[in-house]
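Engineer: Please find one structure pasted underneath; my questions will follow.
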Amino acid sequence: MASILIDLGNSALKWSLLDDPENPFTYVHESSGILDEKIKDKWQELGVKNAYGCTVASDWIAHSTKNFLSSIGAQCTWFTAKKEFTGDFILKSNYDHPELLGADRWFAAIGSVALHKDEPLLVCHLGTASTIDSVIPTGIGEYVFLGGRIAPGPAMMREGLARGTSHLPRAFGRRTDFPTNTIDAITTGIVDSQLGLIERAVREMEGIGATPKILLAGGASKVVAPYIQQEFDNVDIRHNLVLHGLATMVREQNH
Ligand SMILES: Nc1ncnc2c1ncn2[C@@H]1O[C@H](COP(=O)(O)OP(=O)(O)OP(=O)(O)O)[C@@H](O)[C@H]1O
Ligand SMILES: CC(C)(CO)[C@@H](O)C(=O)NCCC(=O)O
């Protein structure tokens, strides 16, 4: 009998055993709503009885995942963002409508605090969309999710440029300081846009006296990681922060 964690994103489903969020498995669903037979076999083989997850994918994909789990006799609970997380520490949301914050962002923030206590954090998830969120400590064991930025992820930027113009290709080139061809110009533009989002958010945090540790996660983070590491000392690259957050929440519930 096993319990698993699920981070259902817009292009990929990431899952891990409840006790092992450091070792996630990824399955790219590309919004198809059809789960790969291999995942199903694996879950069945493990004897999954409980799945704890969060989703920002379409209702249809969330529904079909839940249905599949129920067909193998497993319960699936989807968690959403809340005004406050109370556990080993307290995290308050500063979002205008906390329940409308993407659940992946909320659990990534919880996971980040669980990993790095007492520090200002910039939680960067570069996936289908890029989200750059600020969390600061406000007292002993207390933190606030200050807010964050949402932008297209690198792949979406590339697709958007190719789709919206007549002469721009889908570019996979090099980032250079002075690009001299279209492919490198696009690649550099996209990488620098992602870097700019992070750098700008760091500066805003520094402006309120909170130099952050930068946490980088998500399928597209490898695109920016080398540059961020070059520029900032305090960088932590993670496979998945959302699963960490979910594990923290479930641990708290079973306390
Ligand atoms: N090397 C890469 N270069 C550019 N983009 C990449 C790279 N590797 C993965 N990606 C992109 O990252 C995205 C997938 O990221 P992730 O695994 O975090 O999934 P996701 O669940 O779709 O994210 P989200 O939670 O934003 O929906 C896809 O858009 C994919 O094309
Ligand atoms: C921004 C994404 C797409 C990132 O996965 C997701 O967190 C989402 O759909 N959020 C809802 C809107 C919000 O967070 O304000």
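Engineer: Somewhere in the stretch 94-103, is a residue surrounded by 15 or more Cβ atoms within 10 Å (Cβ to Cβ), charged (D, E, K, R) and on the phi < 0 side of the Ramachandran plot?
Structural biologist: No, the stretch 94-103 contains no residue that is surrounded by 15 or more Cβ atoms within 10 Å (Cβ to Cβ), charged (D, E, K, R) and on the phi < 0 side of the Ramachandran plot.
Engineer: Among the residues of the stretch 228-255, which ones are over 17 Å from the mean Cα position of the chain (by Cα) and part of a loop (DSSP other than H, G, I, E, B)?
Structural biologist: F232, D233, N234, N254, H255 - these are the residues of the stretch 228-255 that are over 17 Å from the mean Cα position of the chain (by Cα) and part of a loop (DSSP other than H, G, I, E, B).
Engineer: Which members of the stretch 1-12 meet the condition of being more than 13 Å from ligand 2 (Cβ to nearest atom) and not in a loop (DSSP other than H, G, I, E, B)?
Structural biologist: A2, S3, I4, L5, I6 - these are the residues of the stretch 1-12 that are more than 13 Å from ligand 2 (Cβ to nearest atom) and not in a loop (DSSP other than H, G, I, E, B).
Engineer: Let me ask you something else. Any chance the stretch 51-67 includes a residue that's in the same structural domain as S11 (by TED's automatic domain parsing), surrounded by fewer than 19 Cβ atoms within 10 Å (Cβ to Cβ) and within 17 Å of M1 (Cα to Cα)?
Structural biologist: no
Engineer: Any residue at all in the stretch 83-92 that is in contact (Cβ under 8 Å) with a residue 40 or more places away in the chain, surrounded by 15 or more Cβ atoms within 10 Å (Cβ to Cβ) and in a helix (DSSP H, G or I)?
Structural biologist: Within the stretch 83-92, not a single residue is in contact (Cβ under 8 Å) with a residue 40 or more places away in the chain, surrounded by 15 or more Cβ atoms within 10 Å (Cβ to Cβ) and in a helix (DSSP H, G or I).
Engineer: Going through the stretch 112-158 one residue at a time, which ones are among the basic types (K, R) and within 16 Å of ligand 1 (Cβ to nearest atom)?
Structural biologist: Across the stretch 112-158, the qualifying residues are R149, R158.
Engineer: Taking the stretch 201-227, which residues are in a helix (DSSP H, G or I) and touching a residue at least 40 places away in the same chain (Cβ under 8 Å)?
Structural biologist: Passing the criteria: A201, V202, E204, M205, S221, V223, Y227.
Engineer: Does K42 qualify as being surrounded by fewer than 17 Cβ atoms within 10 Å (Cβ to Cβ), of a type in the set (D, E, K, R), away from ligand 1 (no atom under 16 Å from the Cβ) and not in a strand (DSSP E or B)?
Structural biologist: Against the criterion (surrounded by fewer than 17 Cβ atoms within 10 Å (Cβ to Cβ), of a type in the set (D, E, K, R), away from ligand 1 (no atom under 16 Å from the Cβ) and not in a strand (DSSP E or B)), K42 qualifies.
Engineer: If you don't mind, another one. Please specify each residue of the stretch 94-127 satisfying the condition of being more than 11 Å from ligand 2 (Cβ to nearest atom) and assigned to a strand (DSSP E or B).
Structural biologist: Correct list: L121, L122, V123, C124.
Each row is one residue, and each column tells you yes or no for (1) at pLDDT below 95; (2) small (G, A, S).
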| position | (1), (2) |
| --- | --- |
| N181 | no, no |
| G189 | no, yes |
| G196 | no, yes |
| E199 | no, no |
| R203 | no, no |
| P212 | no, no |
| G219 | yes, yes |
| V223 | yes, no |
| Q229 | no, no |
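Engineer: Mind checking which residues of the stretch 152-174 are surrounded by fewer than 16 Cβ atoms within 10 Å (Cβ to Cβ) and either under 21 Å from R203 (Cβ atoms) or in contact with a strand residue (DSSP E or B) (Cβ under 8 Å, 6 or more places away or on another chain) (or both)?
Structural biologist: G160 - this is the single residue of the stretch 152-174 that is surrounded by fewer than 16 Cβ atoms within 10 Å (Cβ to Cβ) and either under 21 Å from R203 (Cβ atoms) or in contact with a strand residue (DSSP E or B) (Cβ under 8 Å, 6 or more places away or on another chain) (or both).
Engineer: Please work out if R170 is closer than 27 Å to P24 by Cα, within 12 Å of ligand 1 (Cβ to nearest atom) and either outside the structural domain of N10 (by TED's automatic domain parsing) or touching a Cys at 6+ places or on another chain (Cβ under 6 Å) (or both).
Structural biologist: no
Engineer: Further question on the same structure: Find the residue count for the stretch 190-227, including only residues that are within 16 Å of ligand 2 (Cβ to nearest atom) and farther than 26 Å from V28 by Cα.
Structural biologist: Qualifying residue count for the region: 1.
The values are calculated or read from the model by the stated rules, or taken from the named source; none is laboratory data. What you see is a predicted model, and the numbers here were worked out from it, not measured in a lab. Neighbour counts run over all protein chains shown; Cβ positions are idealised from the backbone, glycine included.
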